[in-house]
Amino acid sequence: MKPIQIELVQQWLDKFINQTVYIHVETTNGAYASHLDEKAYNVGAYVRNVQITYNQAKIVGEGNAYRVGLKTNNGWIYAEGLTDWTIHEGSKILLAGHDREGRLMVALQISETPFDY
Amino acid sequence: MEKHVVVILPHPDDESFGSAGSIAEFRSQGIPVTYLCGTLGEMGRNMGNPPFANRETLPEIRKQELKKACDVLDMNLQMLGYRDKTIEFEDRTEVANHLQHILEEIKPSLVITHYPGYAVHPDHNALGAAAIQAVEQMEEDHRPVVWAQAFARGFQEKLGDPDVINDVEAYFETKMDAILCHQSQAGGIIGDLKDYKALGADVLQEAKTRFGKETFYIWKFQ
């Protein structure tokens, strides 16, 4: 992945407007958080290959961390702390936020075809 | 002497961190070892440091790392095809039946797995429980011995002293080489030990103390 280029990401988000797309949204601080630090909490969530249609999309932020909001007819999808992006297999946009050790903290991915299992 | 050892753990790298020394020792005695690896660690958050993997490329990268580690440890590999972080939500008996079927084909004399409830990661606890259920479902005189590995905080106070304490310092280099196959998981401990061959004597000794012993509880079936 490479650091987010806001204009290019915006163009890709716009491409999927009003199409049925598959979404992967995720946040995690690792399964060992409270094992390594008794005072820490294990938190995380992921949603994979849920189909949605959004009618509006925007990437916002400056410097090295960005937020993306997707507006649907009935609600929103939102991710914060995104730092890097890539296009996977020519057609899927992957956005992720990594910490300084390169660990994934948050991800938002959009594709017209399902992600692998 | 064991006839065949089957290792049942959920993630690529669990075998190297937890049991590589014992595996290397079994192999040095000519005992076949088969790893039933539950998932491909698809949801791992380590992507390499600096990152070279992403959420979609990680499974294939970890599969290759797993194969390399199994080559280093000279053991057979069967991938079970579950998805990382979901094993506890699968039907326990279905997973147990799946494992039982494989165990009845391999007919191991020993199974190594995680100690349910004392292995920190939910996948560890769930696959350990399913493995033990699988063995329990087998006819008593066909059951392999089960070694269960615990490492949750305070496990020893709750479970007592481990039954098996394997001093595997003689296989330290093989164990390190196996761990280092899992390059995407670099960072943290692997990052610190990447150049273990060049480490000072003190640090090397510390690593040997940390990785030089592998402990297990012998599961007591009712």
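Name every residue in region B:53-80 that is more than 9 Å from chain A (Cβ to nearest Cβ), open to solvent by 10 Å² or more (accessible area, probe 1.4 Å) and of a type outside the set (D, E, K, R), in order of residue number.
B:ILE61, B:GLN64, B:VAL72, B:MET75, B:ASN76, B:LEU77, B:GLN78, B:MET79, B:LEU80
Which residue is surrounded by the most Cβ atoms within 10 Å (Cβ to Cβ), if the candidates are limited to region A:85-103 and must be of a type in the set (A, V, I, L, M, F, W, C) and more than 9 Å from chain B (Cβ to nearest Cβ)?
Going through region A:85-103, the residues of a type in the set (A, V, I, L, M, F, W, C) turn out to be A:85, A:87, A:93-96.
When the remaining residues are screened for being more than 9 Å from chain B (Cβ to nearest Cβ), the result is A:85, A:87, A:93, A:95.
Values: A:TRP85: 24, A:ILE87: 11, A:ILE93: 21, A:LEU95: 26.
That would be A:LEU95.
Tell me the residue from B:ALA119, B:ALA126, B:ALA148, B:ALA131 that is out of contact with any strand residue (DSSP E or B) (no Cβ under 8 Å at 6 or more places or on another chain) and modelled with pLDDT of 95 or more, please.
Numbers: B:ALA119 fails: out of contact with any strand residue (DSSP E or B) (no Cβ under 8 Å at 6 or more places or on another chain); B:ALA148 fails: out of contact with any strand residue (DSSP E or B) (no Cβ under 8 Å at 6 or more places or on another chain); B:ALA131 fails: out of contact with any strand residue (DSSP E or B) (no Cβ under 8 Å at 6 or more places or on another chain).
Exactly one of B:ALA119, B:ALA126, B:ALA148, B:ALA131 is out of contact with any strand residue (DSSP E or B) (no Cβ under 8 Å at 6 or more places or on another chain) and modelled with pLDDT of 95 or more, namely B:ALA126.
How about region B:42-75: which of its residues are over 19 Å from A:ALA107 (Cα atoms) and not basic (Lys, Arg)?
B:GLN64, B:GLU65, B:LEU66, B:ALA69, B:CYS70, B:ASP71, B:VAL72, B:LEU73, B:ASP74, B:MET75
Across region B:138-159, what is the number of residues that are in a loop (DSSP other than H, G, I, E, B) and of a type in the set (Phe, Trp, Tyr)? Quick ask: steps written out before the conclusion?
Taking region B:138-159 as the starting set, the residues that turn out to be in a loop (DSSP other than H, G, I, E, B) are B:138-139, B:143-144, B:150-154.
Of the ones still in play, those that are also of a type in the set (Phe, Trp, Tyr) are B:151.
Summing the residues that are in a loop (DSSP other than H, G, I, E, B) and of a type in the set (Phe, Trp, Tyr) in region B:138-159 gives 1.
Looking only at residues that are in a loop (DSSP other than H, G, I, E, B) and under 19 Å from B:GLY41 (Cα atoms) in region B:85-111, which one is farthest from the other protein chains (Cβ to nearest Cβ)?
To start, the set of residues in region B:85-111 that are in a loop (DSSP other than H, G, I, E, B) comprises B:85-86, B:90-91, B:107-109.
With the extra rule that they be under 19 Å from B:GLY41 (Cα atoms), the set shrinks to B:85-86, B:90.
Numbers: B:LYS85: 7, B:THR86: 10, B:GLU90: 14 Å.
My answer is B:GLU90.
Would you please name the residue that is nearest to B:HIS101 (Cα to Cα), looking only at residues in region B:134-168 that are free of Cβ contacts under 8 Å to residues at least 60 places away in the same chain and in contact with a Ser or Thr (Cβ under 7 Å, 6 or more places away or on another chain)?
Within region B:134-168, the match that is nearest to B:HIS101 (Cα to Cα) is B:VAL164.
Quick check on region A:73-84. Is at least one of its residues open to solvent by less than 40 Å² (accessible area, probe 1.4 Å), within 11 Å of another protein chain (Cβ to nearest Cβ) and at negative phi?
Within region A:73-84, the subset open to solvent by less than 40 Å² (accessible area, probe 1.4 Å) is A:75, A:77, A:79, A:81-84.
Narrowing the set further to residues that are within 11 Å of another protein chain (Cβ to nearest Cβ) leaves A:83-84.
In the following step, the residues that additionally are at negative phi were identified as A:83-84.
Yes: region A:73-84 contains one or more residues that are open to solvent by less than 40 Å² (accessible area, probe 1.4 Å), within 11 Å of another protein chain (Cβ to nearest Cβ) and at negative phi.
Does any residue in region B:56-71 that is within 15 Å of B:ASP14 (Cβ to Cβ) come within less than 8 Å, Cβ to Cβ, of a residue that is modelled with pLDDT under 95 and open to solvent by 30 Å² or more (accessible area, probe 1.4 Å) six or more places away or on a different chain, and which pairs are these?
B:GLU65/B:GLN183
If you check A:VAL47, A:VAL21, A:VAL106, A:VAL25, which single one turns out to be under 15 Å from the mean Cα position of the chain (by Cα), closer than 29 Å to B:ILE87 by Cβ, open to solvent by 60 Å² or more (accessible area, probe 1.4 Å) and at pLDDT 95 or above? Talk me through it step by step, then tell me what you get.
Values: A:VAL21 fails: open to solvent by 60 Å² or more (accessible area, probe 1.4 Å); A:VAL106 fails: open to solvent by 60 Å² or more (accessible area, probe 1.4 Å); A:VAL25 fails: open to solvent by 60 Å² or more (accessible area, probe 1.4 Å).
Going through A:VAL47, A:VAL21, A:VAL106, A:VAL25 in turn, the sole match is A:VAL47.
Those residues that are away from chain B (no Cβ under 14 Å) and in a loop (DSSP other than H, G, I, E, B), I need them from region A:7-54; list them, please.
Here is the first cut: in region A:7-54, the residues away from chain B (no Cβ under 14 Å) are A:7-21, A:41, A:50-54.
Across region A:7-54, the qualifying residues are A:PHE16, A:ILE17, A:ASN18, A:GLN19, A:TYR41.
Only one of B:ALA119, B:ALA131 is away from chain A (no Cβ under 14 Å), of a type in the set (A, V, I, L, M) and either buried (at least 20 other Cβ atoms within 10 Å of the Cβ) or within 15 Å of the chain's Cα centre (by Cα) (or both); which? If you could, list the steps in order and put the result at the bottom.
Numbers: B:ALA119 fails: away from chain A (no Cβ under 14 Å).
Checking each option against the conditions leaves just B:ALA131.
Would you pick out the residues in region B:33-52 that are more than 8 Å from every other protein chain (Cβ to nearest Cβ), out of contact with any Lys or Arg (no Cβ under 8 Å at 6 or more places or on another chain) and surrounded by fewer than 23 Cβ atoms within 10 Å (Cβ to Cβ)?
If the condition is that a residue be more than 8 Å from every other protein chain (Cβ to nearest Cβ), out of contact with any Lys or Arg (no Cβ under 8 Å at 6 or more places or on another chain) and surrounded by fewer than 23 Cβ atoms within 10 Å (Cβ to Cβ), then B:THR34, B:PHE52 are the ones that fit.
May I ask you to list the residues in region A:63-95 that are out of contact with any Lys or Arg (no Cβ under 7 Å at 6 or more places or on another chain), of a type in the set (Ser, Thr, Tyr) and touching a residue at least 60 places away in the same chain (Cβ under 8 Å)?
If the condition is that a residue be out of contact with any Lys or Arg (no Cβ under 7 Å at 6 or more places or on another chain), of a type in the set (Ser, Thr, Tyr) and touching a residue at least 60 places away in the same chain (Cβ under 8 Å), then A:TYR66, A:THR83 are the ones that fit.
The values are calculated or read from the model by the stated rules, or taken from the named source; none is laboratory data. No experiment lies behind these values; they were computed from the predicted model shown. Every residue, glycine among them, receives a Cβ derived from its backbone with ideal geometry; neighbour counts consider all protein chains shown. Note: accessible area is taken over every heavy atom of the protein model, side chains too, but ligands, DNA and RNA are not part of it. Shrake-Rupley method; radii C 1.70, N 1.55, O 1.52, S 1.80 Å.
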